[in-house]
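Visitor: For reference, the structure I am asking about is given below.
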Amino acid sequence: MDAGKATLWQLRQLLDSREISSVELLSFFLQAISQHDGTLHAYLHVNERALEEAKLADEKCSRGEPSAPLTGIPVAVKDNICTLEQPTTCASLILKDFVSPYEATVVARLRRAGAIILGKTNLDEFAFGSSTENSAFGPTRNPHDVQRVPGGSSGGSAAAVAAGFCPAALGSDTGGSIRQPAAFCGVVGLKPTYGRVSRFGLVAFASSLDQIGPITRGVRDAALIFSIIAGHDRYDTTSVTEPVPDYSRFEYPADLTGLRFGLPREYLSGEVAGPVKDALSRVSRLIEGLGATVEEVTLPHTSAGIAVYYIIATAEASANLARFDGIKYGYRSRHHRNLRELYMFTRGEGFGQEVKRRIILGTFVLSSGYYEAYYLKAQRVRTLIRNDFLEAFQKVHLLLTPTTPELPFLLGEKSKDPLKMYLSDIFTVNANLAGLPAISFPVGKSTEGLPIGLQIIGPAFQEELILKAAAALEQALS
Amino acid sequence: MKQQVKYLAELARIALTEQELAGLEQDLEKILDYVSQLEKIETTGVEPTYHVVPMTNVWRQDKVEASLSTEKALANAPERHGNFFKVPRVI
């Protein structure tokens, strides 16, 4: 079996039956990375101790110790999630050499489940972007076509999984940053319900929107990683105490009998690429073939999502990024004559263009005289967007939408026009604004071989329903 | 608008070059023009959603617990002086 294509479940079996060792597995991925990541640039850092950790896992196994779900299996982590002993740069010059003194709860939980943290993946600086072109250390390329972007901001994680550089990775999703790159790279990406997964150790972008989630080769793998990282954490007071079912053990029905799917009318009215539209109708028919119903629903405030998102996300980001001041950690400019200049030059030299743009915009919408017209207004429209979903979920169990309006675009195609780039998240931001769980899963390719992803959005805390539906469709499509 | 971007950059403590100022001024105008579509949406009587999880004031015991050692806390300091972060003279 090609380890670069195997799922987590397959790898577990291979390891437990001793058909492969963890050292062999790690050697495979490290070699794939050293051969091909020069072109793709999915990783910003590869763990030098990965092989050593694999050896320890093999020793445990040969002593007959029972394996945990991820024992000896490598997982990559987006570089805005804190790890010990490996840098956490957020793809920013301001954190270029930063090594966190503590680790994120999700990373601790992965390691407790036996995972080896293989490396840190590339992203748009501070997760500000939809193409991974905003990385201060150079863009990531799409493994399906290196002229095209992998999506973003978790582009490194999605590309690494798609290219066979790791079987699974963590991403973070503030407005689509897990789902859009998953769709562009032909892999699965799950954004959990807000509060489901601890954000402790995730470098904050927009605190009321951010969620960490898995990027994997299959839906069941996403369920496995999700069940490991989800659950209350005393270090994140916004993490909820809702019990977490063991998603890794549940039965996956092959059909969808009794489920009602809604197709939001507004998601089809705008400019959606032909192959994406075709995929949506094809999968709708498939859903009906599996015993579920598909009906049109309406989410009238859909088109306001991007405007609301860019006000709220930049407002929160401008506050969150105030901590990067060159005092306690990170880059410090040498050009200062006093404290004020130290701040000004450190941030002026340390932040990239998009980061500056968003901080300035966020500062503007929060400034006196504009706060009500922009920030408060956006929070009110956010309520309307949320109410649209609540109303739709009175009629249907789940919503089916395209993940993105378009196929993966070319490097440079949108990087000169921020607004155009922002609009690439039009189908994903609203789930963040409403705090809802959503998954993107691959449904095929366009004639030119580019992946197409569809999105299932569910009511809060209904990840189980989303995963089951996506698993049934994944199976029917395979 | 240019004066305003300058002022915002000052508030946000970001030094900008003249070229950056001009670029941001244009970007900001375009983005604000785009988000002005929200004005048309009727929101009288609609409560704002600051946060989707309805929780307030999560308390914990005010108890001393293990924390980072001084060395670990200072490990990333751009400049240090003994057990302190070193900064330019403030007063």
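Visitor: Within the set of other residues whose C-beta is less than 14 Å from the C-beta of A:Ser446, count the net charge using Lys and Arg as +1 and Asp and Glu as -1.
Guide: 0
Visitor: Right, something else. Can you give the accessible area of A:Ser208 in Å² (nearest 10), computed on protein heavy atoms with a 1.4 Å probe?
Guide: 0 Å²
Visitor: What does DSSP give for the protein assembly as shown in terms of the percent of beta bridges that are antiparallel, rounded to the nearest 5?
Guide: Just about 70 percent of them are antiparallel.
Visitor: Quick query: amide H of A:Thr193 versus all other amide H atoms, modeled in the peptide plane; which residues come in under 5 Å with a sequence gap of 5 or more or a different chain?
Guide: The list, which skips near neighbours in sequence, is A:Phe461.
Visitor: Quick check: the angle from helix B:2-11's long axis to the longest principal axis of chain B, C-alpha only, nearest 10 degrees?
Guide: 20 degrees
Visitor: Just to confirm my numbers, what's the Cα centroid distance between segment B:29-86 and segment A:214-239 in Å?
Guide: 22 Å
Visitor: Another question, if that's okay. Binning at 5 angstrom from zero up to the longest distance, how are the C-alpha pair distances of segment A:37-111 distributed in percent?
Guide: All Cα pairs considered, the percentages come to 3, 14, 21, 22, 18, 12, 6, 3, 1, 0.
Visitor: Also: For the residue pair B:Glu42 and A:Gln13, what label-to-label distance in nm results when each label sits 7 Å from Cα along the Cα-to-beta-carbon direction?
Guide: 5.9 nm
Visitor: Summing Lys, Arg as +1 and Asp, Glu as -1, what charge do residues with Cβ under 12 Å from the Cβ of A:Leu398 carry, A:Leu398 excluded?
Guide: 0
Visitor: Same structure, new question: Taking every residue in A:296-309, how many Cβ atoms of other protein chains lie within 10 Å of its Cβ, on average?
Guide: If you average over the peptide's residues, the count of other-chain Cβ atoms is 2.
Visitor: Residue by residue through A:325-335, how many Cβ atoms from other chains fall within 10 Å of the Cβ on average?
Guide: That works out to 4 on average.
Visitor: Okay, moving on. Once R0 is set to 51 Å, what does the formula 1/(1 + (r/R0)^6) return for the Cβ-Cβ distance between A:Arg334 and A:Leu56, expressed as a FRET efficiency to the nearest 0.05?
Guide: 0.75
Visitor: How long is chain B along each principal axis, judged by its Cα atoms, biggest number first, in Å?
Guide: Answer, in whole Å and largest first: 55, 44, 24 Å.
Visitor: From the phi angles alone, apply the Karplus equation (6.51, -1.76, 1.60; θ = phi - 60°) to segment A:29-44 and give each ³J(HN,Hα) in whole Hz, x where the residue is Gly or Pro.
Guide: 5, 5, 5, 4, 5, 5, 7, 10, 7, x, 7, 7, 6, 7, 9, 9
Visitor: Further, regarding this structure: Angle between the Cα long axis of helix B:18-35 and the longest principal axis of chain B, 0 to 90 degrees, nearest 10?
Guide: 60 degrees
Visitor: If A:Tyr194, A:Tyr370, A:Tyr252, B:Tyr7 are ordered by their accessible area, calculated over protein heavy atoms with a 1.4 Å probe, which sequence runs from highest to lowest?
Guide: B:Tyr7, A:Tyr370, A:Tyr252, A:Tyr194
Visitor: If you rank A:Thr447, A:Thr71 by how much accessible surface each has, with a 1.4 Å probe, what is the order from largest down?
Guide: The ordering from most to least exposed comes out as A:Thr447, A:Thr71.
Visitor: Based on alpha-carbon centroids, what's the gap between segment A:178-204 and segment A:274-352 in Å, whole number please?
Guide: Segment A:178-204 and segment A:274-352 have Cα centres separated by 12 Å.
Visitor: Then there is this: Which whole-Hz couplings ³J(HN,Hα) result when phi for each residue of segment A:150-167 is put into the Karplus expression 6.51 cos²θ - 1.76 cosθ + 1.60, θ = phi - 60°, listed in order with x for Gly and Pro?
Guide: Per-residue couplings from phi come out as x, x, x, 8, 7, x, x, 5, 5, 5, 4, 5, 5, 7, x, 9, 4, x Hz.
Visitor: At a probe size of 1.4 Å, how large is the accessible area of A:Lys55, to the nearest 10 Å²?
Guide: Here the accessible area works out near 120 Å².
Visitor: In whole angstrom, how long is each semi-axis of the equivalent ellipsoid of the protein assembly as shown, when you take the square root of 5 times every eigenvalue of its Cα gyration tensor and sort them from largest down?
Guide: Rounded to whole Å, the semi-axes are 34, 31, 22.
Visitor: Only Cα pairs under 8 Å and at least 6 apart count here; give the relative contact order of segment A:307-372 as a rounded whole percent.
Guide: Here the relative contact order equals 43 percent.
Visitor: Convert each backbone phi in segment A:299-307 into a coupling constant with the Karplus relation 6.51 cos²θ - 1.76 cosθ + 1.60 (shift: θ = phi - 60°), then list the ³J(HN,Hα) values in order as whole Hz, x for Gly and Pro.
Guide: Working through the residues one at a time gives 10, x, 9, 3, 5, 7, x, 5, 5 Hz.
Visitor: In deg cm²/dmol, rounded to 500, what helix-only [θ] at 222 nm does the protein assembly as shown give when every DSSP H run of at least 4 residues adds -39500 (n - 2.57) and the total is split over its residues?
Guide: Mean residue ellipticity, 222 nm, calculated: -11500 deg cm²/dmol.
Visitor: Once you sort the root eigenvalues of the Cα gyration tensor of segment A:307-372 as a ≥ b ≥ c, which label holds: rounded (a/c under 1.5), prolate (a/b larger than b/c) or oblate (the other case)?
Guide: Verdict is prolate for segment A:307-372.
Visitor: Additional query: Ranking request for peptides A:429-442, A:449-462: highest mean number of other beta-carbon atoms within 10 Å first, then the rest in descending order.
Guide: By packing density, highest mean first, the sequence is A:429-442, A:449-462.
Visitor: Tell me the net charge near A:Thr237. Cut-off is 13 Å between Cβ atoms, A:Thr237 excluded, with +1 for each Lys or Arg and -1 for each Asp or Glu.
Guide: Every neighbour counted, the sum reads +1.
Visitor: Can you pull the mean other chain C-beta count within 10 Å for peptide B:44-57?
Guide: Partner-chain Cβ atoms within 10 Å, mean over residues of B:44-57: 6.
Visitor: Continuing with this model, one more query. Ranked by accessible surface with a 1.4 Å probe, highest first, in what order do B:Lys40, B:Lys63, A:Lys60 come?
Guide: B:Lys40, B:Lys63, A:Lys60
Visitor: Based on alpha-carbon centroids, what's the gap between segment A:369-397 and segment A:406-478 in Å, whole number please?
Guide: After rounding, the separation between the Cα centres reads 21 Å.
Visitor: A further question on this structure: Find which of A:Ser367, A:Tyr310, A:Ala322 sits farthest along the positive direction of the dipole of segment A:307-372, computed with +1 on the beta-carbon of Lys and Arg, -1 on that of Asp and Glu, about the Cα centre.
Guide: A:Ala322
Visitor: In addition: Quick one: how many Å² of A:Thr105 are accessible to a 1.4 Å probe, rounded to 10?
Guide: 20 Å²
The values are calculated or read from the model by the stated rules, or taken from the named source; none is laboratory data. Remember, predicted model here, so these are calculated numbers, not experimental data. Counting neighbours? That spans all protein chains shown, and the Cβs are built from the backbone with ideal geometry, glycine included. Just so you know, the surface numbers come from the protein's heavy atoms only, side chains and all, with ligands and any DNA or RNA stripped out. Shrake-Rupley method; radii C 1.70, N 1.55, O 1.52, S 1.80 Å.
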